[in-house]
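Novice: What follows is a structure written as structure tokens; I'll ask about it next.
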Amino acid sequence: MDISSDESDDWFIESLNTYKDLHVFQLEHPTKVIEWTGDKNICVAGYTGSRSEILELLLPLKLYAGENQGLCAERDFKVQHGGFSEEPIESLIHISGTRCVVTSGSSSSTLQIWDIGGDDSDVIKRTGVINLKSTSVKGCKIAPGLTDEPAVLHGSCISEVQLTEIATGRVLYTVAKESSDSVSGLQFVNACVFLICASDGTLFMGDTRDPSTCHYPLEDSKSGLHWAFGLRSDSSQSEPSGCTVARLSSSGHMLLSDLRNLQSPFCQTQLNVQHDASKNDFLNVSWAPVLDRCLSVSGFDGTVHIYNTINWSTEGQSPQPVFSHRGHEMSDEAKYSGSPPVVTTHSWHQSRPKTILSVATDGSLHVWDWVDKITDR
Amino acid sequence: MPDIKVTPLGAGQDVGRSCILVSIGGKNIMLDCGMHMGYNDDRRFPDFSYITQNGRLTEFLDCVIISHFHLDHCGALPYMSEMVGYDGPIYMTHPTKAICPILLEDFRKITVDKKGETNFFTSQMIKDCMKKVVPLNLHQTVQVDEELEIKAYYAGHVLGAAMVQIKVGSESVVYTGDYNMTPDRHLGAAWIDKCRPDLLISESTYATTIRDSKRCRERDFLKKVHETVERGGKVLIPVFALGRAQELCILLETFWERMNLKAPIYFSTGLTEKANHYYKLFITWTNQKIRKTFVQRNMFEFKHIKAFDRSYADNPGPMVVFATPGMLHAGQSLLIFKKWAGNEKNMVIMPGYCVQGTVGHKILNGQKKLEMEGRATLDVKLQVEYMSFSAHADAKGIMQLIRMAEPRNMLLVHGEAKKMEFLKDKIEQEFSISCYMPANGETTSIVTNPSVPVDISLNLLKREMALGGPLPDAKRPRTMHGTLIMKDNSLRLVSPEQALKELGLSEHQLRFTCRVQLHDPHSDNDTLGRIYTHLKSVLKTYSIQHVPDGTVIVESIVIKVTSSAEEPNLKVILLSWSYQTADSTATKKKKIQL
């Protein structure tokens, strides 16, 4: 037993003061993805074992009861729709305004297109595929297009990145870069402008109206590091001016850049984390949708750290997190398993400012809302 | 084909009550007899007209089994047994038998005395009903009659809750009632052996949920209590004597100790006596931890929890009080509530379901003004919290249970089929079994493949073994010949000779003969010799003998050649075979070839 029950009990007692809300769930199979499909719905999918489940879950209604929270006893997730995938799922994205999700897995050379379903059935059905040029063990990275016609931006290496229309399979745009660097992440900034982050930290910015892409390598790129990125925009579909990009390396190095000047990051800092190459897969940096200049980091261990970047400066020491969620390390499941769980991904609630959902390698799923010692007193 | 029939009583998508009819091996069993708590009229009772249009149910049912004391599983029992009419046995575990009548009486009082309803059972009916109860122990097989046997398994969920296995011959059904697969502070988790029933019946109400952990529910409870006490308020927790109360007390005691809190916690005296009494009776039904503590000290000798005196309710300052009854419908908890309701610093925490008509039910529905006796109104200013601690199995739990019991078929009741297709697929694929989801009032037939055990005589067994071939194997059935004697209640398989001997009949041998005419100039013996040689060359795999007495024997077929003196060249070939070999393929083959 790694964590004694005393430490775990202590943490739960402490949580009375440190969390406003805390909900701990156990999924049957761990997930690497959390994708919002509605105000109150998320999709998760299995990545262990050959046959994986995709589930659309309804968040506990207690979170939405507002004034009447006391009278609402509904604290459970409801499985609203479920389906089976023939391969472990590495990425899952939802196409806004539809009931369509696209997944990429670790064993096939296609992207799978699914219909999550409506009221008449609870089965998630596969409706089509998009053929890829190659198979990638890490799965092809995918991002939803932001145009009216549903499309998906995908690629496992830079030269293969393309934008495909879902309904027809037509290729709408291809990146004309001869680079075999692997893609760590990609995302549209608005309907036409997109960003790709390579595993070595290089950023590529493209526009679907323009065949060329600009690339911004790191000033001193250390080999062996893996980079992930998180994009923050002030309002969606806007000009690139209001956007900030955070890049995080597997050694905890953090760069913040403004989209108008990707060449020189306006802030660099080193987070106090442990480097472990085996967990590169789970590296995640996300910006809070409501809180100003707040970002969250996970994937190094069983913790999710929240930082306020307002006071970050390039020369200062390692910034202290505003809050660290250690729940995954304290769960009952963690006690009995051989190795401590690692947070696979996390996601901010769309509208509740301090609510985060996080999942870990042991199948735990937490929904939590922390107490800000300064502002919440 | 033999089958098992299951009908959940009720109409449409009603999930408020459990009452399931099962027909197995010619026996009819009623599983649970719950009351629907959402209705005020006769719709709350199960519709027994499915069993019989009019008259008593006794001759139509072999037994009734109640899984646990919750009203949606036993609330209609006195109505069924005393008002509709049933005199057969009613099975339930010891704790259920002890607690049921208390809950039923409470429920009756609320419904009749408070709400003034008339078509309802009386106190005497509850007593008469309980006289028909036969209590069950865990893991003990009970013979209901010569053919029907039942066995109870631990279900967790509440004190005394059981899952039941029903067996007739080699067909069996397991009904889960309500159960949970994770242990909590005072109850263990459900457990069953690999009994491989033909059918496993389970509730599906929570099948599509993922439950929040017990720890978090407890955390919320402690948070609310702590916050109220910190601001100087009073917390009222109305409880039923058993179950939650003990659990919550243990929780608060631990918390108070850890946080070094000073506010008093009280437990109303009625509660202590009753609880102690029941716990002593049913200690084996709780989990290991409780049993250990009970041995070391009295359940209710807590450091921080003291016996309540009604005068304490007027004391100033913060406090926490556990009081009965659980739905605030009468007694001490209602008295305390009336005193504390007007202060918004105070809190009442309702740990469970409240029946319509009770104050508990009203405040949980957000009512802020209550009408009390004598036209007085009570303003509800205190904070009302609804916390559900009940333990139910979710989707993961159902899969775990199926893994444990290994049923051949699965049946889920009280779910909407179109909302459960995914679960059905999941079960069918993971376990390769069929999953049924009948609507209420709908009958599902599950075909079974029962084995009939038969005693085989040693001689016959030896004979079969001597025939060679593979040894008897459950996975590779083979056909054998014998005579089945069904006498008294036994089935025996013996050789035909033995059967004839036992029946005092003499054996007759039938032989068939056929004549084939053939022109051949040779002598009889030569002709026979030629036939022999020919047969030897074409029937290579069969044993052919040329016997000196003038016959050729192919397996069991005898061939003779004769001719008459008048026509020596007209040979008559006699073929003769016995009845036993007449139908075998080999004989047919030989006949054709010949």
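The values are calculated or read from the model by the stated rules, or taken from the named source; none is laboratory data. Predicted, not measured: the structure shown is a model, and the values here were computed from it. Here the Cβ is made from the backbone with ideal geometry for all residues, glycine too, and neighbour counts use every protein chain on show.
Novice: From the list B:Lys571, B:Lys536, pick out the single residue that is surrounded by 14 or more Cβ atoms within 10 Å (Cβ to Cβ), touching a residue at least 40 places away in the same chain (Cβ under 8 Å) and either in contact with a strand residue (DSSP E or B) (Cβ under 9 Å, 6 or more places away or on another chain) or under 25 Å from B:Met465 (Cα atoms) (or both). Talk me through it step by step, then tell me what you get.
Specialist: Values: B:Lys536 fails: touching a residue at least 40 places away in the same chain (Cβ under 8 Å).
B:Lys571 is the lone residue from the list that is surrounded by 14 or more Cβ atoms within 10 Å (Cβ to Cβ), touching a residue at least 40 places away in the same chain (Cβ under 8 Å) and either in contact with a strand residue (DSSP E or B) (Cβ under 9 Å, 6 or more places away or on another chain) or under 25 Å from B:Met465 (Cα atoms) (or both).
Novice: Going by the structure shown, is A:Leu283 modelled with pLDDT of 90 or more and buried (at least 20 other Cβ atoms within 10 Å of the Cβ)? Let's see the steps before the verdict.
Specialist: Numbers: modelled with pLDDT of 90 or more: yes; buried (at least 20 other Cβ atoms within 10 Å of the Cβ): yes.
Against the criterion (modelled with pLDDT of 90 or more and buried (at least 20 other Cβ atoms within 10 Å of the Cβ)), A:Leu283 qualifies.
Novice: Consider A:Lys335 carefully, then state whether it is among the basic types (Lys, Arg), modelled with pLDDT under 80 and under 19 Å from A:Asp9 (Cβ atoms).
Specialist: yes
Novice: Can you pull out the residues in segment B:463-477 that are surrounded by fewer than 11 Cβ atoms within 10 Å (Cβ to Cβ) and either more than 34 Å from the chain's Cα centre (by Cα) or basic (Lys, Arg) (or both)? Even if it seems obvious, please write down each step before you answer.
Specialist: Quick first cut of segment B:463-477, residues surrounded by fewer than 11 Cβ atoms within 10 Å (Cβ to Cβ) only: B:466-471, B:473-477.
Across segment B:463-477, the qualifying residues are B:Ala466, B:Leu467, B:Gly468, B:Gly469, B:Pro470, B:Leu471, B:Lys475, B:Arg476.
Novice: I would also like to ask the following. Is there a residue in segment B:19-38 that is polar (S, T, N, Q) and without any contact (Cβ under 8 Å) to a residue 24 or more places away in the chain?
Specialist: Pass one, segment B:19-38, residues polar (S, T, N, Q): B:23, B:28.
Those left that are additionally without any contact (Cβ under 8 Å) to a residue 24 or more places away in the chain: B:23.
The answer is yes, given that some residue of segment B:19-38 is polar (S, T, N, Q) and without any contact (Cβ under 8 Å) to a residue 24 or more places away in the chain.
Novice: Let me ask another. Residues to consider are A:Ile124, A:Ile89, A:Ile93; find the one that is within 14 Å of chain B (Cβ to nearest Cβ), among the hydrophobic types (A, V, I, L, M, F, W, C) and touching a residue at least 24 places away in the same chain (Cβ under 8 Å). Walk me through it before giving the result.
Specialist: Working: A:Ile89 fails: within 14 Å of chain B (Cβ to nearest Cβ); A:Ile93 fails: within 14 Å of chain B (Cβ to nearest Cβ).
Testing whether each residue is within 14 Å of chain B (Cβ to nearest Cβ), among the hydrophobic types (A, V, I, L, M, F, W, C) and touching a residue at least 24 places away in the same chain (Cβ under 8 Å) leaves just A:Ile124.
Novice: Within segment A:304-318, can you find the residues that are modelled with pLDDT of 90 or more and either out of contact with any Gly (no Cβ under 9 Å at 6 or more places or on another chain) or surrounded by fewer than 21 Cβ atoms within 10 Å (Cβ to Cβ) (or both)?
Specialist: So in segment A:304-318, the residues modelled with pLDDT of 90 or more come out as A:304-309.
Across segment A:304-318, the qualifying residues are A:His305, A:Ile306, A:Tyr307, A:Asn308, A:Thr309.
Novice: Taking into account only those residues within segment B:413-439 that are touching a strand residue (DSSP E or B) at 6+ places or on another chain (Cβ under 6 Å) and under 14 Å from B:Thr205 (Cβ atoms), which is farthest from the other protein chains (Cβ to nearest Cβ)? Let's see the steps before the verdict.
Specialist: Just the residues of segment B:413-439 that are touching a strand residue (DSSP E or B) at 6+ places or on another chain (Cβ under 6 Å), to begin with: B:413-414, B:421-422, B:424, B:427-428, B:433-438.
Then keep just the ones that are under 14 Å from B:Thr205 (Cβ atoms); that gives B:413-414, B:437.
On the way: B:Val413: 17, B:His414: 15, B:Met437: 12 Å.
Among those that are touching a strand residue (DSSP E or B) at 6+ places or on another chain (Cβ under 6 Å) and under 14 Å from B:Thr205 (Cβ atoms), it is B:Val413.
Novice: Follow-up. Select from segment B:228-250 the residues that are within 14 Å of chain A (Cβ to nearest Cβ) and in a helix (DSSP H, G or I) and write down the one among them that is farthest from B:Gly352 (Cα to Cα).
Specialist: Ranking the candidates gives B:Glu230 first.
Novice: On to the next question. Going residue by residue through segment A:56-72, is there one that turns out to be within 14 Å of another protein chain (Cβ to nearest Cβ) and farther than 30 Å from B:Met350 by Cβ?
Specialist: Of segment A:56-72, the ones within 14 Å of another protein chain (Cβ to nearest Cβ) are A:56-63, A:65-72.
If we keep only those that are farther than 30 Å from B:Met350 by Cβ too, we end up with A:56.
Yes.
Novice: Would you list the strands (runs of 3 or more DSSP E) that sit entirely within segment B:117-227 and hold 2 or more residues that are more than 30 Å from B:Pro318 (Cβ to Cβ) and either at pLDDT below 95 or within 14 Å of another protein chain (Cβ to nearest Cβ) (or both)? Give the derivation first.
Specialist: Numbers: elements: B:133-136, B:148-154, B:162-168, B:171-175, B:199-203.
Answer list for segment B:117-227: B:199-203.
Novice: Determine whether segment B:420-432 contains at least one residue that is under 27 Å from B:Leu248 (Cβ atoms), in contact with a helix residue (DSSP H, G or I) (Cβ under 9 Å, 6 or more places away or on another chain) and buried (at least 18 other Cβ atoms within 10 Å of the Cβ).
Specialist: No, segment B:420-432 has no match at all.
Novice: Further question: So B:Glu442 ticks every box in (1) more than 12 Å from chain A (Cβ to nearest Cβ); (2) free of Cβ contacts under 8 Å to residues at least 24 places away in the same chain; (3) not basic (Lys, Arg) but one. Which box is left unticked?
Specialist: (2)
Novice: Okay, next question. Which of the residues that make up segment B:44-60 are hydrophobic (A, V, I, L, M, F, W, C) and closer than 20 Å to B:Ile126 by Cα?
Specialist: Within segment B:44-60, B:Phe45, B:Phe48, B:Leu57 meet the criteria.
Novice: Then there's this: Which residue is surrounded by the fewest Cβ atoms within 10 Å (Cβ to Cβ), if the candidates are limited to segment B:115-130 and must be out of contact with any strand residue (DSSP E or B) (no Cβ under 9 Å at 6 or more places or on another chain), closer than 21 Å to B:Thr96 by Cβ and not hydroxyl-bearing (Ser, Thr, Tyr)?
Specialist: B:Gln124
Residue-wise test of (1) touching a Leu at 6+ places or on another chain (Cβ under 9 Å); (2) surrounded by 20 or more Cβ atoms within 10 Å (Cβ to Cβ).
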{"position": "B:Asp198", "(1), (2)": "no, yes"}
{"position": "B:Ile201", "(1), (2)": "yes, yes"}
{"position": "B:Lys224", "(1), (2)": "no, no"}
{"position": "B:Val235", "(1), (2)": "no, yes"}
{"position": "B:Pro238", "(1), (2)": "yes, yes"}
{"position": "B:Cys249", "(1), (2)": "no, yes"}
{"position": "B:Trp256", "(1), (2)": "no, yes"}
{"position": "B:Asn260", "(1), (2)": "no, no"}
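Novice: Follow-up. So which of A:Cys157, A:Cys140 ends up being touching a His at 6+ places or on another chain (Cβ under 6 Å) and away from chain B (no Cβ under 14 Å)? Can you show your working first?
Specialist: On the way: A:Cys157 fails: touching a His at 6+ places or on another chain (Cβ under 6 Å).
Answer to the selection: A:Cys140.
Novice: Separate question: Out of segment A:292-331, which residues are small (Gly, Ala, Ser) and part of a loop (DSSP other than H, G, I, E, B)?
Specialist: First, the residues of segment A:292-331 that are small (Gly, Ala, Ser): A:296, A:298-299, A:302, A:313, A:316, A:318, A:324, A:327, A:331.
Of everything in segment A:292-331, those that are small (Gly, Ala, Ser) and part of a loop (DSSP other than H, G, I, E, B) turn out to be A:Gly299, A:Gly302, A:Ser313, A:Gly316, A:Ser318, A:Ser331.
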